[in-house]
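Chemist: Quick one: this structure, given as structure tokens, is what I'll be asking you about.
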Amino acid sequence: RPHVTLEIFNLLGRRVTTLVDEYREAGIHEATWDGCDDRGNDVSSGIYFYRLRANNFTESKKMILMK
């Protein structure tokens, strides 16, 4: 089972929150971001990046949060 992390970053590259940080079986999974940071504070609408890591695989993509 690979260790998987899914993190959200702002435009400055600061981590906003971590949605997933655990070992998961291979397959299709979903994670939902509620638009809050790690402290439970709402973040503003705008452009964010997510980074998915699973063992040696890493992928980063841009996304837009609209409230």
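Chemist: Got a sec? Which of Gly27, Gly40 is open to solvent by less than 80 Å² (accessible area, probe 1.4 Å) and either under 11 Å from the mean Cα position of the chain (by Cα) or at pLDDT below 95 (or both)?
Modeler: Gly27
Chemist: Still on this structure, please answer the following. Among the residues of region 1-24, which ones are within 16 Å of Asn56 (Cβ to Cβ), among the hydroxyl-bearing types (Ser, Thr, Tyr) and open to solvent by less than 100 Å² (accessible area, probe 1.4 Å)?
Modeler: Thr5
Chemist: Mind listing just one residue for me: the one in region 27-51 that is in contact with a Lys or Arg (Cβ under 8 Å, 6 or more places away or on another chain) and among the hydrophobic types (A, V, I, L, M, F, W, C) and, of those, nearest to His3 (Cα to Cα)?
Modeler: The extreme case among them is Phe49.
Chemist: Could you please find all residues in region 20-41 being in a loop (DSSP other than H, G, I, E, B) and under 20 Å from Leu65 (Cβ atoms)?
Modeler: Let us first name the residues in region 20-41 that are in a loop (DSSP other than H, G, I, E, B), namely 24-35, 37-41.
Those that are in a loop (DSSP other than H, G, I, E, B) and under 20 Å from Leu65 (Cβ atoms): Glu30, Ala31, Thr32, Trp33, Asp34, Gly35, Asp37, Asp38, Arg39, Gly40, Asn41.
Chemist: Which ones in region 43-57 are part of a strand (DSSP E or B) and open to solvent by less than 80 Å² (accessible area, probe 1.4 Å)?
Modeler: Within region 43-57, Gly46, Ile47, Tyr48, Phe49, Tyr50, Arg51, Leu52, Ala54 meet the criteria.
The values are calculated or read from the model by the stated rules, or taken from the named source; none is laboratory data. All figures in this text were calculated on a predicted structure; none of them were measured in a lab. Heads up, the Cβs are rebuilt from the backbone with ideal geometry, glycines too, and the neighbour counts pull from every protein chain shown. These area figures cover heavy atoms from the full protein model, side chains too; ligands, DNA and RNA do not enter into them. Shrake-Rupley method; radii C 1.70, N 1.55, O 1.52, S 1.80 Å.
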